[in-house]
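Asks: Here it is, the structure, as structure tokens.
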Amino acid sequence: MKFAIGRNIDVGRGVAADIDPTHPGFENWGGPGGLRDLNGKTISDVVPSSTNFVIWWDGDLTRELLDKNRIDKWDWINKRTINLLTAIDCVANNGTKATPSLSADLFGDWREEVIWRTKDNRELRIYSTVIPTTYRFTTLMQDPQYRTAVAGENVGYNQPPHPGFYLGAGMHKVAKEQVTIVGQKRK
Ligand SMILES: [Ca+2]
Ligand SMILES: [Ca+2]
Ligand SMILES: [Ca+2]
């Protein structure tokens with residue numbers, strides 16, 4: 001992905017993720033130009049309803065949208081956003097950026113869980129998908145890039161975690177990461 005959309009334009013927020021399997025790789029949006037393909041060509045003048053987090057939630061390989069207390073899906077055929085989950089009584093940790101307490105592949109299969117606080121601040125709730133999938137991968141936390149990005153959610157500028165390999169429509173087989181735990185010999 002290498003393109004420019006002009007000089008002296010403040011892109012306050014942008015997202016890149018595979019949300020449309022009919023175009024290879026990541027789509028991106030934010031600033032002028034609508035929804036673009038990985039070469040910067042506009043593929044839809046209508047953009048997804050949010051420019052915040054992304055999350056793997058349903059059964060396919062494209063990524064869904066995580067915004068405020070909602071998980072939504074970009075409908076690439078009809079160019080609209082549809083709601084998959086609204087977490088009643090839960091809220092994000094700030095305003096327009098709408099970050100959750102955490103999003104990460106914490107347990108279960110490779111789809112990502114999300115932690116939200118309730119608006120009365122008495123509960124931390126963990127939501128996990130109940131949608132079946134035919135895909136199987138080693139937990140994303142086995143990927144060092146992803147694991148570091150999850151740590152970064154808590155200590156740095158809060159953004160959705162991405163693995164160190166392409167996970168999306170048309171992806172290649174993923175090589176299993178050789179992880180060594182400090183103090184243990186590799187088997
Ligand atoms: Ca795509
Ligand atoms: Ca998906
Ligand atoms: Ca999971």
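Asks: Checking the conditions here, which among 105, 109 is among the charged types (D, E, K, R), touching a residue at least 12 places away in the same chain (Cβ under 8 Å) and in contact with a helix residue (DSSP H, G or I) (Cβ under 7 Å, 6 or more places away or on another chain)?
Replies: Every option except 105 fails the conditions.
Asks: Right, another one. What are the pairs, 6+ residues apart or on separate chains, where a residue within the range 115-128 that is under 8 Å from residue 89 (Cβ atoms) and touching a residue at least 24 places away in the same chain (Cβ under 8 Å) has its Cβ under 8 Å from a residue that is surrounded by 15 or more Cβ atoms within 10 Å (Cβ to Cβ) and among the β-branched types (Val, Ile, Thr)?
Replies: Listed by first residue and then by second, the contacts come to 118/91; 119/91.
Asks: With the checklist (1) outside any loop (DSSP other than H, G, I, E, B); (2) away from ligand 2 (no atom under 16 Å from the Cβ) in hand, flag the one item residue 159 doesn't pass.
Replies: Only one criterion is unmet by residue 159, namely (1).
Asks: Residue 110: hydrophobic (A, V, I, L, M, F, W, C) and more than 15 Å from ligand 3 (Cβ to nearest atom), yes or no?
Replies: Answer is no for this residue.
Asks: For the range 138-149, give me each residue that is aliphatic (A, V, I, L, M) and more than 12 Å from ligand 3 (Cβ to nearest atom).
Replies: The one that is aliphatic (A, V, I, L, M) and more than 12 Å from ligand 3 (Cβ to nearest atom): 149.
Asks: Condition test on residue 19, is it within 12 Å of ligand 1 (Cβ to nearest atom) and assigned to a strand (DSSP E or B)?
Replies: In short, no.
Asks: Another question, then. Kindly indicate the residue of the range 112-156 that is of a type in the set (A, V, I, L, M, F, W, C) and within 16 Å of ligand 2 (Cβ to nearest atom) and also nearest to the chain's Cα centre (by Cα) among those meeting that condition.
Replies: 114
Asks: Among the residues of the range 129-177, write down those that are among the charged types (D, E, K, R), free of Cβ contacts under 8 Å to residues at least 40 places away in the same chain and surrounded by 12 or more Cβ atoms within 10 Å (Cβ to Cβ).
Replies: 143, 147, 177
Asks: May I pose another question? Which ranges mark the strands (runs of 3 or more DSSP E) fully within the range 51-111 that have 1 or more residues being surrounded by 18 or more Cβ atoms within 10 Å (Cβ to Cβ) and more than 14 Å from ligand 2 (Cβ to nearest atom)?
Replies: Those strands (runs of 3 or more DSSP E) span 64-67, 70-75, 102-104.
Asks: Which numbered condition trips up residue 158, out of (1) within 22 Å of residue 67 (Cβ to Cβ); (2) at pLDDT 95 or above?
Replies: Going through (1) within 22 Å of residue 67 (Cβ to Cβ); (2) at pLDDT 95 or above one by one, residue 158 breaks only (2).
The values are calculated or read from the model by the stated rules, or taken from the named source; none is laboratory data. Just so you know, these numbers come straight off a predicted model, no measurement behind them. Every residue, glycine among them, receives a Cβ derived from its backbone with ideal geometry; neighbour counts consider all protein chains shown.
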